[in-house]
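I have placed the structure first, in the form of structure tokens, so that the comments after it can refer back to it.
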Amino acid sequence: MAASKNPKKGKSKKTKEVGAEAKKLSALDAAAKVLVETGQPMSCKELIEGMAQKGYWSSPGGKTPASTLYSGITKEIATKGKESRFQKTDRGRFART
């Protein structure tokens, strides 16, 4: 039997890239940080603008980053319930719990 080649053996360039990207905040982490700093409910569009201004996170070229953030926040609320970092205060507005 011939030994099969394992493409996962050895270090790849991706390993180095992941280490560099680990320092960046995710969109949800950045949104939570902005909400803590402002102390008031915000819409996803306002959160995206605030995250970009403070340099926490910027869209990697997506066309609808506010919609993507909204989806992520509502998913976290649905899955984590009371342990979620976010709470919906009004239509399209979220606060930090």
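Scanning the range 38-54 for residues that are in contact (Cβ under 8 Å) with a residue 12 or more places away in the chain and in a helix (DSSP H, G or I) returns THR38, CYS44, LYS45, LEU47, ILE48, GLY50, MET51, LYS54. All conditions in (1) touching a residue at least 40 places away in the same chain (Cβ under 8 Å); (2) surrounded by 17 or more Cβ atoms within 10 Å (Cβ to Cβ) hold for THR68, with the sole exception of (2).
The number of residues in the range 9-52 being of a type in the set (A, V, I, L, M, F, W, C) and at pLDDT below 50 comes to 2. Of all residues in the range 55-71, those that are assigned to a helix (DSSP H, G or I), out of contact with any Cys (no Cβ under 7 Å at 6 or more places or on another chain) and not small (Gly, Ala, Ser) total 2.
Inside the range 59-94, can you point out the residues that are of a type in the set (S, T, N, Q) and on the phi > 0 side of the Ramachandran plot? Don't jump to the end; show me each part of the working.
Within the range 59-94, the first condition is being of a type in the set (S, T, N, Q), and the residues that meet it are 59, 64, 67-68, 71, 74, 79, 84, 87, 89.
Result: no residue meets the conditions.
The values are calculated or read from the model by the stated rules, or taken from the named source; none is laboratory data. Owing to the predicted nature of the structure, the values given are computational and were not obtained by experimental measurement. For neighbour counting, all protein chains shown are included, and Cβ atoms are generated from backbone atoms with ideal geometry for every residue, glycine included.
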